[in-house]
Amino acid sequence: MENNWKFETIAVQAGYTPENGGPRVVPITQSTTYKYDDAQSVADLFDLKREGFFYTRLANPTVDAFEKKIAALEKGVAAVAVSSGQAANAFALMNIAKAGDHILAVSALYGGTVSLFTNTLKKAGIEITLILPTATEEELQAAIRPNTKAIFAESLCNPSLVVCDFELYAKVAHANKIPFIVDNTFPTPYLCNPFDYGCDIVTHSTTKYLDGHATSVGGIVVEKGDFDWAGSGKFPEFTEPDASYHGLIYTKDFPAAPFSVKLRVQLVRDYGIPMMPFNAFLTMLGTETLPLRMERHSENALKMAQFLKNHPKVSWVNYPGLEDNPEHGKLKKYLRGGSGVLCFGVKGGKAAGEKVMNSLKLAAIVVHVADIRTCVLHPASMTHRQLSEAELEAAGVTPDLIRLSVGIENIDDIIADFDQALNNA
Ligand SMILES: *Cc1c(COP(=O)(O)O)cnc(C)c1O
């Protein structure tokens with residue numbers, strides 16, 4: 001890869017370079033294993049003494065190409081692809097925190113992430129405090145404990161569309177010598193590069209815009225590469241010998257990407273939830289057109305937000321791309337566009353909103369978001385159904401909130417569909 005390539009070029013070209021006479025497109029390596037001529041080669045692979053593939057649970061050439069493309073797009077040093085966005089967030093935290101540790105998370109979060117944090121990781125002994133996105137620097141600092149191992153936030157929250165205050169969280173995290181982790185699913189690296197604003201680890205549900213065509217569930221964790229694990233003194237698992245790998249020391253033996261190597265050889269190896277090669281192939285195909293799609297998603301969503309704002313049956317619209325939106329200042333500072341998701345409420349509340357959803361013809365009611373087809377969902381009764389009322393409020397989900405994922409169909413057709421549904425319901 002050329003060092004000075006721009007984003008669009010990296011999206012198309014990075015990750016895979018064909019050999020002379022080789023396939024132009026990255027092949028789907030649908031094989032669990034790889035053949036070597038002698039036993040020592042395989043032993044060296046197991047010991048991480050040489051690079052190569054030996055078992056697809058740990059690494060696979062198609063998945064490797066996808067990981068390299070995403071790492072390049074996020075401007076990170078390495079990436080590890082896993083089976084879902086949930087797995088990406090779970091592993092990003094479990095790679096640095098163990099039972100008895102604590103994480104500080106900004107409460108504007110996806111519902112599945114709230115469940116993961118407040119139930120499953122809690123049961124595993126990792127305690128996570130949710131703090132409101134309005135918290136000040138003093139309040140954040142006061143919430144940090146001696147055993148706090150990271151700050152976690154979403155760059156553009158699903159579905160409250162709160163924009164992350166990157167500089168604030170990075171400042172507090174680094175003052176306490178802990179990493180700042182960001183779930184960058186909604187903006188994608190095309191609209192936002194969290195590493196430019198002090199973030200250390202990025203996660204994605206690749207199921208959303210990176211695939212973009214609603215074909216493949218997947219996730220990825222990306223490492224920026226300059227966090228000082230040794231200097232922090234808070235991460236002995238990075239700086240002391242790993243008994244499960246004959247005393248390997250991640251910061252010493254893999255100084256370029258200790259976080260990614262550790263995540264792969266401990267968590268992906270032991271829990272066994274890697275991304276599968278066919279999903280990596282499809283998601284990579286989607287990523288190649290990411291810049292074009294994100295521009296159209298953002299453009300269509302802004303037009304849709306303006307249309308809904310002026311519609312007499314609509315009570316409110318939330319889209320950070322609107323100039324009078326309270327998040328617009330942060331959006332302009334950190335993102336290159338508003339992305340394709342907006343939220344609105346219908347006059348008459350939840351029941352009226354349901355009628356509008358049922359009257360849509362082009363837009364479908366589906367449990368999905370962030371793909372090329374326009375779709376709607378009611379988070380309070382669907383994706384965020386398991387949350388308590390207090391958790392719903394903290395996540396920014398009101399009972400009447402309809403989440404609209406604006407696709408890349410012609411905007412006139414999308415607007416006409418919502419116009420007829422709002423007028424007929
Ligand atoms: C969908 C989503 C997830 C979970 O990803 P899956 O691929 O569904 O497991 C995590 N974070 C955000 C912001 C999401 O939108």
Shape of the range 213-336, Cα gyration tensor, a/c cut at 1.5: prolate
Positive-end residue, the chain charge dipole about Cα centroid, Cβ charges, pick of F46, M276, T383: T383
Cα-centre dipole for the chain with unit charges at Cβ (Lys and Arg positive, Asp and Glu negative), debye to 20: 520
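Which entries in K6/K333; K303/K347; K303/K333 show an alpha-carbon gap greater than 23 Å?
Details: K6/K333 20 Å; K303/K347 20 Å; K303/K333 21 Å.
The pairs that break the limit, which is 23 Å between Cα atoms, do not exist here.
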Cross-link partners of K122 among aspartates and glutamates (Cα-Cα below 13 Å; sequence separation of 8 or more within a chain): D101
Positive dipole terminus of the chain, leading residue within V367, A11, G76 (C-beta point charges): V367
Anisotropy class of the range 332-425 from Cα gyration tensor, a/c 1.5 cut: oblate
With every protein chain in place, the range 1-78: carbon and sulfur % of accessible area (1.4 Å): 51
Nearest-10 value in Å² for the accessible area of E409, using the 1.4 Å probe: 50
All lysines inside 24 Å of K35 as judged from Cα atoms, apart from same-chain residues fewer than 8 positions distant: K49, K68
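Rounded, prolate or oblate, given the Cα gyration tensor of the range 96-197, with a/c below 1.5 counting as rounded? Write out the running numbers ahead of the final one.
Values: a/c = 1.67, a/b = 1.22, b/c = 1.37.
In terms of gyration-tensor shape, oblate.
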Structure-based [θ]222 nm, the chain - -39500 (n - 2.57) summed over DSSP H runs of at least 4, per residue, nearest 500: -10000 deg cm²/dmol
Of K123/K262; K69/K177; K69/K252; K177/K234, pairs whose Cα-Cα distance is over 19 Å: K123/K262; K69/K177; K69/K252
Accessible-area value, C164, 1.4 Å probe, nucleic acids and ligands omitted, Å²: 10
Residue with peak Gaussian network fluctuation, the chain [Cα springs, cutoff 10 Å], from P146, P61, P277: P146
Accessible surface of L130 - all protein chains present, 1.4 Å probe, nearest 10 Å²: 60
Principal axis box of the chain, alpha-carbon based, largest edge first, Å: 72, 57, 37
Charge dipole (the chain, unit charges on Cβ, about Cα centre) - positive-most of L404, F91, P23: L404
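Just in the range 1-81: which trypsin sites (Lys or Arg not before Pro) are loop by DSSP and have at most 13 other Cβ atoms within 10 Å?
Values: sites: K6, R24, K35, K49, R50, R57, K68, K69, K75; in loops: K6, R24, K35, K49, R50, R57, K75.
Counting only loop positions with at most 13 other Cβ atoms within 10 Å, the trypsin sites (Lys or Arg not before Pro) in the range 1-81 are K6, R24, K35, K49, R50.
The values are calculated or read from the model by the stated rules, or taken from the named source; none is laboratory data. Note that the structure is predicted; figures quoted are calculated from it, not measured. In this analysis, Cβ positions are derived from the backbone assuming ideal geometry, glycine residues included, and neighbour counts consider all displayed protein chains. Note: areas computed on protein heavy atoms with side chains; ligands, DNA, RNA excluded. Shrake-Rupley method; radii C 1.70, N 1.55, O 1.52, S 1.80 Å.
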